[in-house]
Amino acid sequence: MSITVLTPAKVNLVLGVGPKRADGFHDLATVYYALDLHDELVVAHRADDRIVLTVTGTQPNLHRLPVDGRNLVVRAAQALRARCGRRAGADITLHKNIPLTAGLAGGSSDAAAALVACNALWGLDLALDDLLTIAAELGSDVPFCLLGGAVLGSGRGELVTPLPVVGTQHWVLVLADGGLSTPAMFAALDRSRESGTAAPPTEVVPADLLSALADGDVAGIAAAMTNDLEPVALAARPDLARVLDTARAAGAAGALVSGSGPTCAVLAHNAGSADRMAIALRAAGVGRQVLVSTGPAVGARIV
Ligand code: C5P
């Protein structure tokens, strides 16, 4: 028997970053939003108690992804097993579509998928709340990836409250060559704050965004989109400014760097506009790849 789980990419509609905490993380005021761009994770029983991960796909730099205990997928399976006092093994195959170190939470989403898949494979029957607790220990974005949809994130991101959203929103994702390191972007923001060059932190998610999501008001969502990490991502990757400018000139409702970058997420007024912008962005030759996507997508789920 094998079990297949699809798990989504994310964008942060608002990413407010507070000061660095004693534990090295930053308090966040964020709205996570899941996109219809998925990794697929397939798990099957093994006769022994090893957790063996194989990664396939065409994303660049896949060979750099560790397949041992440094990979969040393996750590998720181990954490789940430890929690239940089991010695079960699993063969795990991860088909990567979400680009690596792209600011789309691909690794966190794969960990969420491993929790859902192994919970079913091993017949553990843990409830969502239990999975959320383990997820929070694995990474700040992992609880959100279990839920999907649109979610208010606080704490270091691990405290999650689902938000009502009306309608389907249409997005264009501009993938970039190379990646940006999340810890490096947080550290760059700390430095620019110490030197007094950064804008003050966004401390609360604007109420206007929550009402725009609940009303399905695309212009309202776009108007409220912000990312405190965007200035440092643009400083590290000046080429991204052209992506955002090109998207805005092509009629975007809104455009921002996704998470710690370098992917740019472009919100379209409707499906036709998303297609037209994708064509314009491809013609302009910005980014490595231009994808059309929709949201909000559901979190890691068995198919
Ligand atoms: O939680 P996660 O392992 O995904 O975080 C990766 C890195 O991003 C952390 O080691 C930290 O450097 C940075 N981070 C942060 N504050 C957060 C989330 C992540 O500083 N709230």
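The values are calculated or read from the model by the stated rules, or taken from the named source; none is laboratory data. Note that the structure is predicted; figures quoted are calculated from it, not measured. For neighbour counting, all protein chains shown are included, and Cβ atoms are generated from backbone atoms with ideal geometry for every residue, glycine included. The accessibility values were calculated without ligands, DNA or RNA, using every heavy atom of the protein model including side chains. Shrake-Rupley method; radii C 1.70, N 1.55, O 1.52, S 1.80 Å.
Each Cα pair under 8 Å and six or more residues apart adds its sequence gap; the mean of these over the residue count of the chain is a relative contact order of 26 percent. Each of SER211, HIS269, ALA184 was placed along the dipole of the chain (beta-carbon charges, centred on the mean Cα), and the one lying farthest toward the positive end is ALA184. When the square roots of the Cα gyration tensor eigenvalues are ordered a ≥ b ≥ c, the ratio a/c for segment 210-303 is under 1.5, which makes its shape rounded. Placing a label point 7 Å from the Cα of ALA283 along the Cα-to-Cβ direction, the residues of segment 219-251 whose backbone N falls under 18 Å of that point are 243-251. Computed from label points 7 Å out along Cα-Cβ, the spacing between THR133 and THR93 is 3.4 nm. Helical runs assigned H by DSSP (4 residues or longer) give the chain a calculated mean residue ellipticity at 222 nm of -10500 deg cm²/dmol, each run adding -39500 (n - 2.57) before division by the residue total. Working note: Karplus 6.51/-1.76/1.60 with θ = phi - 60° gives segment 12-19 the couplings 9, 5, 10, 10, x, 10, x, x Hz, where Gly and Pro are set to x.
Within segment 171-212, list the residues whose amide N lies under 13 Å from a label point set 7 Å along Cα→Cβ of ALA223. Flagged as within label range: 207-212. Choose one answer from ALA117, ALA184, ALA176: the residue with the largest mean-square fluctuation in a GNM of the chain with alpha-carbon springs under 10 Å. Fluctuation is largest for ALA184. For the chain, the carbon plus sulfur part of the accessible surface works out to 54%, probe radius 1.4 Å. Modelled this way, with points 7 Å down the Cα-to-C-beta line, the labels at ASP48 and SER211 are 6.1 nm from one another.
Please work out how much length the chain gains when fully extended from THR197 to VAL166, using 0.36 nm per residue of separation minus the C-alpha to C-alpha distance, in nm with one decimal. Could you put the intermediate results ahead of the total?
On the way: separation 31, 0.36 × 31 = 11.16 nm, distance 3.78 nm.
The span from THR197 to VAL166 would gain 7.4 nm if fully extended.
Between the beta carbons of ALA271 and THR56, assuming R0 = 25 Å, the FRET efficiency works out to 0.25 to the nearest 0.05.
Rounded to the nearest 20 debye, what is the charge dipole size of the chain about its Cα centre when +1 sits on each Lys and Arg Cβ and -1 on each Asp and Glu Cβ?
On the way: 23 positive and 28 negative charges, 135 e Å.
The calculated dipole for the chain is roughly 640 debye.
Peptide packing for 57-66, 249-258 was compared via the average number of neighbouring C-beta atoms within 10 Å per residue; ordered from the highest value, the list is 249-258, 57-66. Taken about its Cα centre, segment 231-303 carries a charge dipole of about 100 debye when Lys and Arg each add +1 at the Cβ and Asp and Glu each add -1 at the Cβ. Averaged over residues, the count of other Cβ atoms within 10 Å places the peptides 283-292, 166-175 in the sequence 166-175, 283-292, highest first.
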